[in-house]
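Notes follow the structure.
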Amino acid sequence: MRILGIDPGSVLCGYGVIEQIDSKLSLIEYGTIEIKKKISDFNLRLGEIYSRVNSIIERTQPDQAAIESVFYSKNAQSVIKLSHARASAIVAIVNKNIPLTEYAARDIKKSVSGNGNASKEQIRFMIKTILNISDDITHFDTTDALAVAICHCNKHNIQVINSYNSWSEYINHNPEKIIKL
């Protein structure tokens, strides 16, 4: 399963594509879509987000996508702009008929680090460790997007496990996941 994770933003939009084969995660591609502040027309910025996400999808061919939900902080204008940026990415994803799931920031952090209140630095450390990334990732938007994708993998695995009637049924259908001591 190949997953596209998106951390939306109207100036910086992080993305990450990972692949899960059995229980192993592999990094496919990651980066930050930097929408130039020189583009003063906000609608043109939204078009740029749509175009760039569409290009990422065509290049990486994800099976599923996940995006961070909007949360309200203190500035209503920021939430509105963020919502528009999310919508641009979402339209690019759904136009390609890719299943999309949303996750709250707290759930993403907890899934990746075990702590729903983890700092951006802690998430970056965990992402680099989990995916064995040695490069210096400068934008938190990028590590946040990879965290969204990993969260989706983790949630998907839980749903798969919960689809069995018992642990013995799960073990019988997944012998490769059993470690013999």
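Every read-out reported here was derived from the displayed coordinates using simple, explicitly stated rules and does not represent laboratory data. Bear in mind the structure is a predicted one, so any value in this text is a computation, not a measurement. Backbone-built Cβ (ideal geometry, glycine too); neighbour counts: all protein chains shown.
For region 100-126, the residues whose amide N sits under 19 Å from a probe point set 7 Å from the Cα of ASP136 along the beta carbon direction are 120-126. When the C-alpha to C-alpha distance is required to be over 21 Å, the pairs from LYS38/LYS81; LYS36/LYS120; LYS36/LYS81; LYS38/LYS120; LYS74/LYS110 that qualify are LYS36/LYS120; LYS38/LYS120; LYS74/LYS110.
Build a GNM of the chain with springs between Cα atoms under 10 Å apart, and of ALA104, ALA65, ALA76 the one that fluctuates most is ALA76. Counted over the chain, the DSSP beta bridges are approximately 65% antiparallel. Working note: Karplus 6.51/-1.76/1.60 with θ = phi - 60° gives region 106-114 the couplings 4, 5, 5, 4, 5, 5, 8, 10, x Hz, where Gly and Pro are set to x.
Counting Lys and Arg as +1 and Asp and Glu as -1 over every other residue whose Cβ lies under 14 Å from the Cβ of ILE80, the net charge comes to +4. Find the percent of Cα-Cα distances in the chain that exceed 20 Å, and round it to a whole number. Summing the P(r) of the chain above 20 Å gives 55 percent of all pairs. Within the listed set ILE90, ILE21, ILE171, the residue fluctuating most in the Gaussian network model of the chain (springs between alpha-carbon atoms under 10 angstrom) is ILE171. Note on the chain: with a GNM built from Cα contacts shorter than 10 Å, the maximum mean-square fluctuation among ILE28, ILE98, ILE133 falls on ILE133. Farthest towards the positive end of the charge dipole of the chain, among the residues SER40, VAL17, MET126, is the Cα of SER40, using unit charges on the Cβ of Lys, Arg, Asp and Glu.
Quick one: net charge of GLU34's neighbours, Cβ under 12 Å, K/R +1, D/E -1?
Cβ neighbours under 12 Å give a net charge of +3.
Taking each DSSP H run with n ≥ 4 as -39500 (n - 2.57) and averaging over every residue of the chain yields -16000 deg cm²/dmol at 222 nm. Counting neighbouring beta carbons within 10 Å and listing from fewest to most, the residues PHE125, PHE140 come out as PHE125, PHE140.
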